[in-house]
Amino acid sequence: MSNQTESDYYKQLTIYKAGVLIWKVVPPVFILLGTIGNCLSILVLTRRSIRVSTTALFLTVLACSDLLVLYSGLLRQWLIYLYNTDVRHISEAGCKIHTWLVYSSLDFSAWIIIILTLERVISSWLPHRAKTMCTNKTAVFILIAVCVFILVKNSHFLYGLVFEIANEKTNQVEQKCVAIDQNYSHFEYEVQPWIDMCVYCIVPFAIILIGNVSILFKVLQSQKKTKSTVAPSQSSRSRGQQQGIRHAKQSSTTAILFTLSIVFLVTTSPVSIYLIVETYWIQDADDAKLAKLDFWWAVVNMLMYSKNSVNFLLYCLSGTKFKKEFFRLINWKKSARLNNFNMQSNNSTRT
């Protein structure tokens, strides 16, 4: 191995090969699982009985955003390690627009969970005003406003990334997606990670945590108040039944929100922390340390993309109403297929 270059030796290390194996094996599983799950989520959430709620609208948009994340971000990484092909190194549009799209879709998925949390806070603390405040028109306006904010926030990629760089050693021009100058390179690797950590992790973490604590407090307070009611009259009993039905619906939505929030916090924190510390760890790093950084980069990415793949399973596990609608959809498909089969059988019998 004495005649090998540092780059060759770096790629021979076991921990580096383990990271490459993760990039080759895990992404197709997540992409397949996420495609099926998010498409099923969209089918269930757009059914007539459930699509009237703003929560269904937010979750539908979240499923679409998750699909965009998987096919723009995770699929690119898989193709790099499988076929050594990078969409960002094919054209200038791929260099600029793809980077802009990946960062924006990741941010948008995170902020949809923030919007869901705030909607649940309003529904819990201001139930009488929630009907006028949390309308579909308001939801669409908020989604558009957040989307525009995120696209503008990440628009610096459209300026700061270029498609060519001169190689001083060979005097040739290599086609790569790189920073336009040294100042932007400093911004991209030392300033941008802090901005991303705030927008993608810290701010969502704070809002989601505070929101969920306030929702949980209100839920426990309502349960305590309900149990304290003694010997209710007939009218109060019927009113209590209506409240129970409403609380059951809210509990199902709140359970979904809690599950999404916990998974979001667990899966996004590692990648944000990694991007901060990598800038300092990579300085004067030897081959062994670089191989470890590559391995952990694969691990934190798989954690991050896992949340975009498993939301359907989370809805089925935590959302009672979603689960019922899903089984109704399956039964409707089976009934339609059975009716079609019976009609064909009757027609063939008559013939």
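The values are calculated or read from the model by the stated rules, or taken from the named source; none is laboratory data. Since the model is a prediction, treat every value here as computed from it, not as a measurement. We place every Cβ from the backbone using ideal geometry, glycine too, and count neighbours over all the protein chains shown.
Within segment 239-249, can one find any residue that is at pLDDT 75 or above and within 30 Å of Leu329 (Cβ to Cβ)?
No, segment 239-249 contains no residue that is at pLDDT 75 or above and within 30 Å of Leu329 (Cβ to Cβ).
Could you tell me how many of the residues in segment 267-293 are small (Gly, Ala, Ser), crowded, with 16+ Cβ neighbours inside 10 Å and over 23 Å from the mean Cα position of the chain (by Cα)?
Number of matching residues: 1.
How many of the residues in segment 43-87 are touching a residue at least 60 places away in the same chain (Cβ under 8 Å) and of a type in the set (Lys, Arg)?
Result for segment 43-87: 1.
Take segment 274-300 and flag every residue that is among the hydrophobic types (A, V, I, L, M, F, W, C), under 19 Å from Tyr200 (Cα atoms) and touching a residue at least 24 places away in the same chain (Cβ under 8 Å).
Leu275, Ile276, Trp297, Ala298, Val299, Val300
Here is a list: Lys153, Lys131, Lys137. Which entry is of a type in the set (D, E, K, R), modelled with pLDDT of 85 or more and surrounded by fewer than 13 Cβ atoms within 10 Å (Cβ to Cβ)?
Selected residue: Lys137, the only one of Lys153, Lys131, Lys137 that is of a type in the set (D, E, K, R), modelled with pLDDT of 85 or more and surrounded by fewer than 13 Cβ atoms within 10 Å (Cβ to Cβ).
Kindly list, by first and then second residue, each pair from a residue in segment 134-154 that is free of Cβ contacts under 8 Å to residues at least 40 places away in the same chain and closer than 23 Å to Lys96 by Cα to a residue that is surrounded by fewer than 17 Cβ atoms within 10 Å (Cβ to Cβ) and of a type outside the set (A, V, I, L, M, F, W, C), limited to pairs with Cβ atoms under 9 Å and residues at least 6 apart or on different chains.
none
Scan segment 87-120 for residues that are within 15 Å of Cys177 (Cβ to Cβ) and either assigned to a helix (DSSP H, G or I) or in contact with a Lys or Arg (Cβ under 7 Å, 6 or more places away or on another chain) (or both) and report the count.
15
Among the residues of segment 12-24, is there at least one that is touching a helix residue (DSSP H, G or I) at 6+ places or on another chain (Cβ under 6 Å), of a type in the set (A, V, I, L, M), over 25 Å from Ala285 (Cα atoms) and part of a helix (DSSP H, G or I)?
No, segment 12-24 contains no residue that is touching a helix residue (DSSP H, G or I) at 6+ places or on another chain (Cβ under 6 Å), of a type in the set (A, V, I, L, M), over 25 Å from Ala285 (Cα atoms) and part of a helix (DSSP H, G or I).
Inspect segment 39-57 for any residue being farther than 30 Å from Lys324 by Cα, over 16 Å from the mean Cα position of the chain (by Cα), hydrophobic (A, V, I, L, M, F, W, C) and part of a loop (DSSP other than H, G, I, E, B) and give the result as yes or no.
No - not one qualifying residue is present in segment 39-57.
Can you go through Phe108, Phe157 and tell me which one is within 24 Å of the chain's Cα centre (by Cα), aromatic (Phe, Trp, Tyr) and more than 22 Å from Leu260 (Cα to Cα)?
Residue meeting the stated conditions: Phe157.
Name the residue, out of Ser104, Ser109, that is closer than 27 Å to Gly211 by Cα, of a type in the set (S, T, N, Q) and in contact with an Asp or Glu (Cβ under 7 Å, 6 or more places away or on another chain).
Ser109
Go through segment 175-197 and give me each residue that's surrounded by 12 or more Cβ atoms within 10 Å (Cβ to Cβ) and not in a helix (DSSP H, G or I).
Result: Gln175, Lys176, Cys177, Val178, Ala179, Ile180.
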